[in-house]
1. Can you work out which of the residues in the stretch 42-77 that are among the charged types (D, E, K, R) and under 23 Å from ILE23 (Cα atoms) is surrounded by the most Cβ atoms within 10 Å (Cβ to Cβ)?
2. Look through the stretch 78-96, keep the residues that are surrounded by fewer than 12 Cβ atoms within 10 Å (Cβ to Cβ) and either of a type in the set (Ser, Thr, Tyr) or more than 22 Å from ASP26 (Cα to Cα) (or both), and return whichever of them is modelled with the highest pLDDT.
3. Just the residues that are outside any loop (DSSP other than H, G, I, E, B), more than 12 Å from ASP44 (Cα to Cα) and touching a residue at least 12 places away in the same chain (Cβ under 8 Å), please, taken from the stretch 62-79.
4. Which one of these is among the aromatic types (Phe, Trp, Tyr), within 17 Å of the chain's Cα centre (by Cα) and over 23 Å from LYS24 (Cα atoms): TYR65, TYR53?
Amino acid sequence: MRCTALIVVILIGAASSPATAQIKLDMNKVTCGDWLGYSPADRDFVRYFMSGYYNAAAKNNVLDYNRLEKNSAKVMAYCKKRKNDTLPTAIQKSVS
């Protein structure tokens, strides 16, 4: 009986806790200027996300960290010169 009551209390507590906010971000609309203005941690998040996206599209399931760093430097250099271009455009033009 005590165990059942404890489980009920835990479930009620979990159900009443506030939900975390979800953020939707259209990566095709992120500009180089936007990306450069992000904090270093947020820029890294976007780098890894975009790397995963393009690797998945190429059916590549291996993260080559050295390649990621090299390509990121190319994208960074491109974006510093063309802040109004979208990030996907910068990736396609600087890495290909």
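The values are calculated or read from the model by the stated rules, or taken from the named source; none is laboratory data. A quick note: this is a predicted structure, and the numbers were derived from the prediction, not measured. When we count neighbours, we look across all protein chains shown, and the Cβ atoms used for this are built from the backbone with ideal geometry, even at glycine.
1. Here the residue is ARG47.
2. Ranking the candidates gives LYS81 first.
3. ASN71, LYS74, VAL75, ALA77, TYR78, CYS79
4. Being among the aromatic types (Phe, Trp, Tyr), within 17 Å of the chain's Cα centre (by Cα) and over 23 Å from LYS24 (Cα atoms) holds for just one of TYR65, TYR53, which is TYR65.
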